[in-house]
Amino acid sequence: MQYRTKYNNPSVARKLTLWEKLYIPEVIRGMITTFKHLFRPKFTRQYPEERWDAPASFRGRPVLVMEDNGVERCVACGLCSRVCPPLAIEVRASETELLKERYPVVFEINMLRCIFCGYCEEVCPEEAIIMSKEYELSFRDPSEGIFGKDKLLVPKAELQERLDYLAKMRN
Amino acid sequence: MPKITIDGRELEAQAGQTIIQVATENGIDIPHFCWHPALTVAGNCRMCLVEVEKTPKLQIACATPIADGMVVKTLSEPAVTGREDVMEFLLINHPLDCPICDEAGQCKLQDYAFEHSRGESRFVEEKNHKDKRVPLGPQVLFDGERCISCSRCIRFATEIAEQPVLTFVHRGDHVTIVADPDMGFDNNMSMNVIDICPVGALTSRDFRFKARVWDMSFTDSICPGCSRGCNIRVGIRNNEIERLEPRNNPNVNGYWMCDHGRLSTYPPVNEARIEGPLMKDAKGIQQHTDNDAAARKVAEELSKYSKDEVLLLGSARLPVEDNYALLKLAKEKFGKQHIPFITHIEGQDERLLLRADKTPNALGATLVGCVADGHYQHVHGENEAKKTVLELLRSRKIKVVFSIAGDFLKDPQLLEAFEDVEFFATCSSNDTVTCRRADVVFSTSAWAERDGVFVNFEGWVQQLRPAVATKYFMRGIDHMHMSRLDRFGSPFDKWARGNKRNAREAWRMVELVANNMGARWKYLHTEDLFDEIVKMVPDFKGMSYDSIGRLGQPIATKHGEVKEPIYKEVYQESTERIESVGSVIL
């Protein structure tokens, strides 16, 4: 049995007027709408040439904050790894002579698993892992999707906008 | 017998007990830091405050002896407030170190801060700063800021380790712990203070920062470091052993284990493993092969020689099941009633725990019918003089050797005596000197990768449980303990793919060889072999893996069911003899 809606139910469907039945005027009305939009400001972006600069609140790929002395803030506590819903983060800690005592020897995020939820940023006690503005991620091989410290470490200066945003939101 | 009431429950108690003892025995948890059942009472953390009726102030449960008719309230308002105040006080100078602290996840202070604290501090001043990385001894590091001055480690050093080198110095909130600068806290029990430290003030140099507690799975097992067989828990992460910690068994080791067992028994499971069965080709170079081909070769070689030219070697490092399987092969195919195993005796018995005999199952191997080296010829042929394995090899009668463990050729004399052996097959889990000499090497499971039964020197039958997954032992299927990562990870995760060794129990290799020689053995699991042992060997009468359980049980002879403690005497006698011979001590 066909499911009855107001469109296939002749008793409910609106009857077309003579003007509408003529068809051509309605086509012209549609074309007017189309041409009107040709002269309006464009929303389309010519993507590869023209890139979008995300606002500070955007959650792009998670990165590790590198301090000015070239050392990561991370103390390898493993809370990001614990909270990560898809188990994308692996941290292996070791001892350092620095004041922070502990640092990550291995810090890997499997970007094929990452769901950009931002829990890692929220749980981090050191504000060491934060969400960046970067959203372009494509790989030719699954193993390329595992980002190590080399790809994750980003100088603090480049992340200032997000750090300011976090400071603002936390207060 | 005095009766006391705790939280409305009337409890039977014994005179002289303290409130916390009675409460713990009856499953009532009174929060505490400094009290430990195996140490004397210090009463300095003040965490176990309870309200005792008819006393004007709150009392500490750890140091208050019970009296008949005493009424204790642990949940009344004054008691709860008192504990909250104590927590606030302890947290005044405790740093917010949890992210980098190894204790996080198993920390008493962390747990109690959640359960028994207001969650807020009124303290706004700068916290006290103390030294954060002070070595107390070769294995133990001390973090002064984290210490809550419970004195458990000081009491342990004095009472249990009997090396009173730790003490408090300074006063008030500047109090800290130091070790004697000349001696240091250096003894074979030192790492137990890390376990009993209620906070993360004492950390292990070996384990420091290796893994978070919540990422590990813990499996109850037995330490294979000496014939004591301490009960342990094996901490695993990414299918590698990260640390061992003691498990309370009052019959065997109490709350403790020694540093030797803790540090030296797990690295061989993680490192230097052989990757699969090996067989020498025509040129004498070891090539990878499979178990079936290797077993065919061994069976072929074993059949070539007469029974006097064959030497089958048991091992006290392997569970009773493997020794039993090899002995069964010796009986069925070579008509031998006993096979020797080489003992590993180093140093002296220590006052606590560590034994001179560094093998976990010497008594177990003896019980199923193996004989500690030295009695081989004595038992086997009455006419010949007593000969050790070494003397036997030097007599050049032995042409083929099949051993179930590959760890005995460390001794250069024994290696030299092996020159006349025409064919040598061994089972081994590690790449050792023995393996390099062997014509056929079977890759076998290490102690942490398998089931099995060890019998310690006092006759306690205890059970190994698999903690590390292999290609043949899978976490999900074989009911092994699983960490969060194991449970929720996918088959594509690193820890699920890599690191799984191609290793099986040694008795399976013996079974393969036997079946290639015409036997028809069919054991599916190590437990099947144990069930057979139970029927054959009176000392294991009525036992099963279930009855042994987590805490073990004594051999039947101890209960007087079977009045033939002959094996134990044989073992002790042979041990003494080996010590006097000296040359075969490895």
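Any read-out appearing in this document is the output of simple, stated calculations on the displayed coordinates, not a laboratory observation. This structure is a prediction, so every number in the text was calculated from the model and none was measured. Because the Cβ atoms are built from the backbone with ideal geometry, glycine has one as well, and the counts that use them run over all protein chains shown.
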Would you grab the residues whose amide H sits under 5 Å from the one on B:N430? Only those 5+ places off in sequence or on another chain, please, with H modelled 1.01 Å from N. B:I274
Just to be sure I understand: of the beta bridges DSSP finds with both ends in the protein assembly as shown, what percent are antiparallel, rounded to 5? 70
For region B:254-272 and region B:332-376, what is the separation of their Cα centres, given in Å? 20
Long-range amide H partners of B:S403, meaning residues 5 or more apart or on another chain whose placed amide H is closer than 5 Å, are B:L313, B:A425, B:T426, B:C427
Which of these, A:P41, A:P86, A:P142, has the largest mean-square fluctuation under a Gaussian network model of chain A (Cα springs below 10 Å)? A:P41
Only counting other Cβ atoms within 10 Å, I'd like B:T444, B:T24, B:T64, B:T434 sorted with the fewest neighbours first. B:T24, B:T64, B:T434, B:T444
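Just checking the output field for A:76-85: average partner chain Cβ neighbours within 10 Å of each residue's Cβ?
For peptide A:76-85, the averaged partner shielding equals 4.
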Please list 3J(HN,Hα) in residue order for region B:293-301, calculated via the Karplus relation 6.51 cos²θ - 1.76 cosθ + 1.60 where θ = phi - 60°; whole Hz, with x for glycine and proline. 4, 5, 5, 4, 4, 5, 4, 4, 5
Alpha-carbon centroid distance for the pair region A:63-129 / region B:11-88, whole angstrom: 42
For A:I115 paired with A:R14, estimate the spin-label separation in nm (one decimal), with each label point 7 Å from Cα along the Cα-to-Cβ line. 4.3
Three-way shape label, region B:261-411, alpha-carbon gyration tensor, a/c 1.5: oblate
For region A:62-170, what class follows from the C-alpha gyration tensor (a ≥ b ≥ c being the square roots of its eigenvalues): rounded when a/c is under 1.5, otherwise prolate if a/b is larger than b/c, else oblate? rounded
What is the fewest-to-most order of B:C226, B:C427 by other Cβ atoms lying within 10 Å of their Cβ? B:C226, B:C427
How many percent of all Cα-Cα pairs in the protein assembly as shown sit more than 38 Å apart? 54
Rounded to the nearest 20 debye, dipole of region A:62-170 from Cβ charges on Lys, Arg, Asp, Glu: 280
So how far apart, in nm, are the two label points at A:V105 and B:V169 if each is 7 Å from Cα heading toward Cβ? 3.3
Within 10 Å of each residue's Cβ, count the other Cβ atoms and sort B:V320, B:V178, B:V124 from fewest upward. B:V124, B:V178, B:V320
Quick one: Karplus J couplings for region B:268-279, per residue in order, coefficients 6.51, -1.76, 1.60, θ = phi - 60°, nearest Hz, x for Gly and Pro? x, 7, 7, 10, 6, 8, 8, 8, x, x, 10, 9
Taking the 0 to 90 degree range and rounding to the nearest ten, how far is the long axis of helix A:160-170 tilted relative to the main principal axis of chain A, both from C-alpha atoms? 80
Where does helix B:506-516 land angle-wise versus the long Cα axis of chain B, in degrees 0 to 90, nearest 10? 20
For B:R9 and B:E527, what does the FRET efficiency come to when R0 = 35 Å and r is the distance between their Cβ atoms, rounded to the nearest 0.05? 0.30
I need the phi-derived Karplus couplings for region B:26-40: 6.51 cos²θ - 1.76 cosθ + 1.60, θ = phi - 60°, integer Hz, Gly and Pro marked x. 9, x, 9, 8, 10, x, 7, 10, 7, 6, 9, x, 9, 10, 5
Sequence-distant residues sharing a close amide H with B:T167 (under 5 Å, placed H): B:V178
So what is the 222 nm mean residue ellipticity for chain A from helices alone, if each DSSP H run of at least 4 adds -39500 (n - 2.57) and you divide by all residues, rounding to the nearest 500 deg cm²/dmol? -6500 deg cm²/dmol
With Cα atoms, 0 to 90° folded angle of helix B:77-91 axis to chain B main axis: 70
Suppose R0 equals 30 Å; then what is the FRET efficiency for B:A519 and B:E422 from their Cβ-Cβ distance, rounded to the nearest 0.05? 0.80
When the helices in chain B are scored as -39500 (n - 2.57) per DSSP H run of 4 or longer and the sum is shared across all residues, what 222 nm value do you end up with, to the nearest 500 deg cm²/dmol? -7000 deg cm²/dmol
